[in-house]
Amino acid sequence: MVCLTSAVLVVPLYWSRGAADSPRRRLWPALAVCALLPLAALAIYAAVGAPHLAATAPAAVTEQLAAAHANGALEGQTTGGDLAAAVQRLKDKLARNPQDADGWRLLAQSYEFAGQPAEAAAARARAEQAAAGKKVEPMPAGMPALATPAATATVAGTNAALIQKAEEHRRKREFPQALAIFAELARKQAMTADLWADYADAAGAAQGKLTADSASYIQKALKLDPRHPKALWLLASYQTDQGDYQGALRSWQSLAAILPADSSDARIIAANIAEARQKLALPASGGELTALLRAGSVMPASTAPASKAPPSTTLLQGEIDLDRRWQAQVPAGTTLFIYAKEAGAAGPPLAVVRSTTGKWPLQFRLDDSNAMMPTRKLSGSTRVIVEARISRSGNATPQTGDLRAVSAVIDPRRAGKLRLVINEPIG
């Protein structure tokens, strides 16, 4: 490149003057450019280039690893396999013998070649400790594997396409297809905490409830990220379904600790915490009680209905239809929430039913058996609204693209049969 650049500059410079000029006058500027241009190129490369990369060329690293195999440094392992496999064997050796300074240096070079500077620095620090005769901590269990750039790019592209397909199937409620893709990603060890949580959600949706398989996927998600919101929510729901209210209480509390206090999900979680405490006959803590009161999820003790009150016969029932212009866009099996809310009040619904779409119109009924909180029931209010919402994502929180219908304010004790037509898109 320097030679070509010199030619581009020198030849016109040499012939730029007229024929009357002497060759000597034309020759010295050309010679000066030929001499100075390579020097300038070297100076620029020294300032902004990376000459040290020559020391970690792929061939050099591979040869060193091959030599380590040939010399028995990997304790009888074969010399076959690619660089990543060789490095994994080296890591296994270091796990057994963490005082091997040369092994740590070789591992550091391998990580540098793969573009993983943090792992290279950790290996190099251990090499220095071993060389100084200091005790070296064993190989960290979660130390990442070597990432070869070409393989990583190919695998990442393939996995990204699979993940997109899984999400499309899940959104369309084509759960068998989604589950097959999640299983393939799991075999490839390409799962993240998000994917494990989605896998658990899809497995539960396919069965109509969270199962033991779902629970195992949830645990895998939480192993990767103990603070994963969706995984914690699914775990708490599964524990509640299993009657493990102590476990559910811990999971809801963990989830509440990582969500904003003013979010709509936080209000629902506060209600779930109170329900778990009630099942365990535990009093609500001061902070949780305050959060519930602010959210309108419980009533103060002075106004709460007596626990021995006679059962209520308050009932809301009727049918829900979907506007014809939307019917082609809502496949059967899409999540449908139907709930009654106290008019003009914040907090979770008084009664809620989760169903799925099918043949229209759909019949529904809401009563005190559908209450989210034992102390906050449909029979305790005289002004409610009924809302039906089609959730394309299956999430209890309204999302852009959902469809809904909302009734006028009614008294549930005097209301007749209702009819709601879902025709309002959200967002």
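Selection of segment 233-264 for residues being in contact (Cβ under 8 Å) with a residue 24 or more places away in the chain, more than 19 Å from P348 (Cα to Cα), open to solvent by less than 60 Å² (accessible area, probe 1.4 Å) and not hydroxyl-bearing (S, T, Y) yields only I258. Residues considered: A46, A60, A95, A30. Of these, the only one that is over 30 Å from K135 (Cβ atoms), aliphatic (A, V, I, L, M), surrounded by 11 or more Cβ atoms within 10 Å (Cβ to Cβ) and at pLDDT 65 or above is A30. Quick one: in segment 159-199, of everything that is open to solvent by less than 50 Å² (accessible area, probe 1.4 Å) and not in a helix (DSSP H, G or I), which residue is modelled with the highest pLDDT? Among those residues, the one meeting the criterion is M191. Would you point out the residue of segment 133-142, among those that are modelled with pLDDT of 80 or more and open to solvent by less than 70 Å² (accessible area, probe 1.4 Å), that is farthest from the chain's Cα centre (by Cα)? Out of the qualifying residues, it is G133. Among the residues of segment 200-226, just one is closer than 15 Å to F175 by Cβ, hydrophobic (A, V, I, L, M, F, W, C) and either open to solvent by 90 Å² or more (accessible area, probe 1.4 Å) or in contact with a Pro (Cβ under 9 Å, 6 or more places away or on another chain) (or both), namely A206. Taken over segment 371-400, the criterion of being out of contact with any strand residue (DSSP E or B) (no Cβ under 7 Å at 6 or more places or on another chain), open to solvent by less than 40 Å² (accessible area, probe 1.4 Å) and of a type outside the set (S, T, Y) is satisfied by M373, R376.
Across segment 335-350, the qualifying residues are those that are part of a loop (DSSP other than H, G, I, E, B) and surrounded by fewer than 21 Cβ atoms within 10 Å (Cβ to Cβ), and the one among them that is nearest to the chain's Cα centre (by Cα) is A346.
The values are calculated or read from the model by the stated rules, or taken from the named source; none is laboratory data. Bear in mind the structure is a predicted one, so any value in this text is a computation, not a measurement. Every residue, glycine as well, gets a Cβ built from its backbone with ideal geometry; the counts of neighbours run over all protein chains shown. Accessible surface areas use protein heavy atoms only, side chains included; no ligands, DNA or RNA. Shrake-Rupley method; radii C 1.70, N 1.55, O 1.52, S 1.80 Å.
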